[in-house]
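Heads up, the thing below is written out as structure tokens.
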Amino acid sequence: MAYEDLDDYSVGAAGSDTFDVVIPDLDPSTAYPIQFRWQFADKTVSEWSVAKILNTPEIARPESTNIVAVWNGTNLEITWDAPNLANGFVIYLTSGSTTVPFAYTLDKTKTAQKAIITAQNLRDSFSGVFVTTLTGLLKTTYIDTSTSGSAFTIPAYSDPLNGAAILDSSWTITPVDLGFSVSWDAIPTTGTYWETVVYKSSTANGTYLPVGSATNAPVIIKELNTVYIKIRHRLITGGYSAYSNYKVGAAYVPIVFDTTPPADVTGISAVWSGDDIVVSYTMPTSDPGSRFEIVLTNSGVSRTFFKWPSAQTGAGSVKITDAELFAQFGQRYTSYTGLIKSIDSGENQTSGVAFTVASKVNALAAIVPTFTVTQISNGYTVVYSLPSGASYAKVYEGATSGFTPNDSTNLVYSGSSPGVVINSTYSEVFIKIKYFAIDGSSSLSSAAQAVTPLEAGMLSLIANEVKISTTGSILAGDSATSGGRAILNKTGLYVYNTGGSPSTQIIANATDGSPTLITTNAKIADWMVYSSKIENTLHAGTTQYTGLSPSGTYAFWAGSTTAGGDASAKFSVTPAGAVIARNISVYGGTLSVGANFDVTSNGVLTATSANVTGTINAQAGVFKGTVDVGSATDTGGVLRVSAGSGTILIGTNALINGTTTAAITASSGGTTNFYVRASDGYLFSQYGKIGGWDIGTSKLSGGGGASAVGLQIDATAGGYAFWAGAGTPDTNTPFSVTNQGLLRATNAIISGAITATSGKIGNQTTGWNINGSTLESYGTPDGTNKVILNSTTGEVSGAKISGGKIVGSAFYIGATDAATDYFKSDGTFRFGGGKIYGTSSSLTIAAGTNIQMNIASNDDGTAGDKTVNQAVGTGALTLGRAFFYGSNYNPQTGNGGSRFDTRYQFYLASGSYQGVDAFDAGDIWMQRE
């Protein structure tokens, strides 16, 4: 610098004398006003020179060099050489119209830098797609700016699975109860393989539609018909392998749905194990459940936990961890009531068995905490050791030693040791602490200890040039007690802003675990520290903020267009725990929203209600409540099941006979084959079965041959409406009824009433004719022997009764009961107009009655002529011989030695000897004296 630069020419002409002045730590590319003045030997000074503007030069900000990108498996590796003074890097990858930044921190130990961007990184950044066609740009960031960037080339990615053929031997179809299972040889997931998609068609060369997908796991297809299956592998790049050849899916095996709940467990007990709950049980001996639904309740709040038994038999236990309890309830309770339900594989569940979780014992109840308190600049530290069972401690500050700790008025710190408390009152205060368990139970209160915070600005003041002793301080500022200043002493460095408030402290005498840096206004890396928040702009070139705050509207935020967070942030968490995330993945644990929504890490979702406007894909499950499809005001809801050209619809806008209504319909090729109308329950079907009945377009039929039965609609006069005993009815069918009411049956047992005014019973020539009020036999062709049963008069006429029994109180022979000939039950009878009559004890034949008997006789008056005689001994009328001439022989005495004497004696002995010359009973014997 020359003297003339100061407008001083006292030493001579311009340029005759110069001197150099070095001004360090100036920012580049900045204008600085410069003034000088002389200081003489006697320490006096001159006036200031005129001001000059000094423009510092701009420092070069070179780009990174030697940028190379290569694919290593599915990882994209990028290497480059970093320039001097580089502070960091941002890699921009572009696919189509989408550009995504990837920040990279400088590795200060080497010039060569390397970034690895995984396939998952790419999928997360490009809407779930592993993009491989990319262009790149590398920007180098410096402490004050960043470069415009250097473009680099990314080579094309070569994927061996893309378009690859699938061997027939690498996949199989296996029949299962639900239809059939499609499985394939496992493919490593370390490459680009994502999942395998299964496609189905009703014909071998038809259109194949996707019906399910999985990653190296079988896909179950529910199908009633024989179908054709193909598969192909889907890649994370968005590409696919080639389609496989088709295979035939076996016909559907009917499913028997299990609707019976399993048996409940027994011997339930629940105890605390630390902060976890262990529920013990004994599995039932038969029909055990496959998992448990455990409901815990406290203060009217219930939460559900799903657990799986370790074995299907014997005693077992499950654990509900403290983390699960807190995740569900949002706080910790010390006791619960519980209900454990058993659930089987068909999602049938029991009503459950109740149990109780007794109150947890407070292990801290009798403990009096101890601690040490140490004064520090602008505050103090509290150091303590937590006993077993304690998770944290609370530090309370009061004005007197006898104060009672209260969270709302005295709490100054809560957490682990050490506790650092900022206090700028610089007067004596009293400290107490209490231990707390994770569930909120606490110890007794400690004894009070006094402490006075140190005021950093009053430790030592240096107004002049002095030697700093162990108790001295260095002051940078106009005042040690107000305004902007910095104080350095043996306890640390203390910086105050222009308002006199502490902004940054570097504490040299901090105890182990205590903070050594306290600041409310700083920049750490790219993060700005403010009095109420820490914030950063992570996306270069855009206004998007990321930060955290203990007192603002948002506790955490990212991707906010407003400093401090706003409602449009990509991610935010309020102090009350309300979370907004525009793109989130949760791995492990349970996601709970309020008291009515949970999703476990096993994918089990529990919700009391749901509104879904998109697509639901489910391979199994059970609806146990009412599921509404559409409503009176929203008729767009429909459940649809499609297979080939067939479709089943359940909804409120089904088209039936030209009218839109709520119904269940089944159609094929545009023809409705089945529907049930909701308004009146009307059912229509053209095909199928009801029980063992086959449904036809106009009939119901079942069985076959002699066991066949059916009913149909036949418009032909005399067509068959009902029949049994033949597949196709005719006049020889054992049973039939025509549409005109003609019934034919080969046999019948009728226990009820029959009403008929005409018709026939039996053979049409020898049977019976129904003629109004009479039932008439056909009789002989000339009408004789006809029997008539008259329902009006009660008469039976023309009848010939033979065999069997006739029972009654009186029988009259004549046209009416006034006839003179009769039989009566009192034993009286009358015949022949009264010629023969009698009672139970007498028989009278009217006088003059000629009784004739047809007795054969030779009428010669000799032995052997027959006549009616009275039998000897019995008095019965019998046939005997007429007069027998015995000469002078007496058959009783046998005198004269007559042969008749012998015959008579023999007869008397045997009573059975008869014949020529024999003496028969009833013979009239005549002899002479």
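The values are calculated or read from the model by the stated rules, or taken from the named source; none is laboratory data. Remember, it's a predicted structure, so these values are computed and weren't measured experimentally. Neighbour counts run over all protein chains shown; Cβ positions are idealised from the backbone, glycine included. Side chains included, ligands, DNA and RNA excluded: accessible areas come from the protein's heavy atoms. Shrake-Rupley method; radii C 1.70, N 1.55, O 1.52, S 1.80 Å.
Descriptive notes on the structure:
- Annotation note: Cβ proximity below 9 Å between a residue of region 823-844 that is open to solvent by 70 Å² or more (accessible area, probe 1.4 Å) and modelled with pLDDT of 75 or more and a residue that is assigned to a loop (DSSP other than H, G, I, E, B) and among the aliphatic types (A, V, I, L, M) (sequence gap 6+ or interchain) occurs for Tyr837/Ala846.
This table checks each residue for (1) open to solvent by 60 Å² or more (accessible area, probe 1.4 Å); (2) at pLDDT below 75; (3) outside any loop (DSSP other than H, G, I, E, B).
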residue: Ile474; (1), (2), (3): yes, no, yes
residue: Ile487; (1), (2), (3): no, no, yes
residue: Gly500; (1), (2), (3): no, no, no
residue: Gln505; (1), (2), (3): no, no, yes
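- Residue match in region 147-155 (condition: in contact (Cβ under 8 Å) with a residue 60 or more places away in the chain, on the phi > 0 side of the Ramachandran plot and surrounded by 15 or more Cβ atoms within 10 Å (Cβ to Cβ)): yes
- Taking each residue of region 27-47 that is farther than 29 Å from Ile143 by Cα and part of a loop (DSSP other than H, G, I, E, B) and looking for partners that are open to solvent by less than 60 Å² (accessible area, probe 1.4 Å) and not charged (D, E, K, R) with beta-carbon atoms closer than 8 Å, six or more apart or interchain, yields Gln35/Ser49; Phe36/Leu6; Phe36/Ser49; Arg37/Ser46; Arg37/Ser49; Trp38/Ser46; Phe40/Ser46.
- In region 195-217, the residues that are open to solvent by 70 Å² or more (accessible area, probe 1.4 Å) form Cβ pairs under 8 Å with partners that are modelled with pLDDT of 90 or more and of a type in the set (Gly, Ala, Ser), at six or more places apart or across chains, as follows: Thr207/Ser201; Leu209/Ser201.
- Any hit, region 511-522, residues being modelled with pLDDT under 80, part of a loop (DSSP other than H, G, I, E, B) and closer than 22 Å to Asn536 by Cα: yes
- Failed criterion for Thr192 (all others in (1) open to solvent by less than 30 Å² (accessible area, probe 1.4 Å); (2) out of contact with any helix residue (DSSP H, G or I) (no Cβ under 8 Å at 6 or more places or on another chain) hold): (2)
- Taking every residue in region 679-697 that is closer than 15 Å to Ile713 by Cα and modelled with pLDDT of 75 or more and pairing it with any residue that is in a loop (DSSP other than H, G, I, E, B) and open to solvent by 90 Å² or more (accessible area, probe 1.4 Å), at least 6 positions away or on another chain, the pairs with Cβ-Cβ distances below 6 Å are Ile695/Tyr687.
- Taking the criterion of being surrounded by fewer than 18 Cβ atoms within 10 Å (Cβ to Cβ) and closer than 16 Å to Asp276 by Cβ, the residues of region 334-355 that qualify are Thr334, Ser335.
- Single residue of region 406-425 satisfying the filter (within 50 Å of the chain's Cα centre (by Cα) and not in a strand (DSSP E or B)) that is surrounded by the fewest Cβ atoms within 10 Å (Cβ to Cβ): Ser408
- Residue match in region 69-82 (condition: modelled with pLDDT of 90 or more and assigned to a loop (DSSP other than H, G, I, E, B)): yes
- Region 446-459 residues that are outside any strand (DSSP E or B) and among the small types (Gly, Ala, Ser), paired with ones that are open to solvent by 50 Å² or more (accessible area, probe 1.4 Å) and modelled with pLDDT of 90 or more (beta carbon under 6 Å, 6 or more apart): Ala448/Ser401
- Among the conditions (1) in a loop (DSSP other than H, G, I, E, B); (2) more than 30 Å from Gly419 (Cα to Cα); (3) at pLDDT 90 or above; (4) not acidic (Asp, Glu), Ser401 misses just one, which is (2).
- Residue selected from region 555-567 under the condition assigned to a loop (DSSP other than H, G, I, E, B) and open to solvent by less than 30 Å² (accessible area, probe 1.4 Å), by the criterion farthest from Ser532 (Cα to Cα): Asp566
- The condition (being free of Cβ contacts under 8 Å to residues at least 24 places away in the same chain, open to solvent by 30 Å² or more (accessible area, probe 1.4 Å) and part of a loop (DSSP other than H, G, I, E, B)) is satisfied by just one residue among Thr109, Thr99, Thr133: Thr109.
- Candidates Val641, Val604, Val612, Val629, filtered to the one that is modelled with pLDDT of 75 or more and within 30 Å of Ser667 (Cα to Cα): Val641
- Considering region 665-699, the residues that are of a type in the set (S, T, N, Q) and part of a strand (DSSP E or B) include one that is surrounded by the most Cβ atoms within 10 Å (Cβ to Cβ), namely Thr665.
- In region 233-250, the residues that are in contact (Cβ under 8 Å) with a residue 60 or more places away in the chain and farther than 16 Å from Trp194 by Cβ form Cβ pairs under 7 Å with partners that are among the acidic types (Asp, Glu) and open to solvent by less than 50 Å² (accessible area, probe 1.4 Å), at six or more places apart or across chains, as follows: Gly249/Glu223.
- In region 165-180, residue nearest to His233 (Cα to Cα) [restricted to those that are surrounded by 13 or more Cβ atoms within 10 Å (Cβ to Cβ) and among the aliphatic types (A, V, I, L, M)]: Ile166
- Scanning region 112-126 for any residue that is open to solvent by less than 50 Å² (accessible area, probe 1.4 Å), over 21 Å from Asp81 (Cβ atoms) and part of a loop (DSSP other than H, G, I, E, B) turns up at least one such residue.
- When Val368 is tested against (1) open to solvent by less than 70 Å² (accessible area, probe 1.4 Å); (2) modelled with pLDDT of 90 or more, only condition (1) is not met.
- Which listed residue is among the aliphatic types (A, V, I, L, M), in a strand (DSSP E or B) and modelled with pLDDT of 75 or more, from Ala721, Ala726: Ala721
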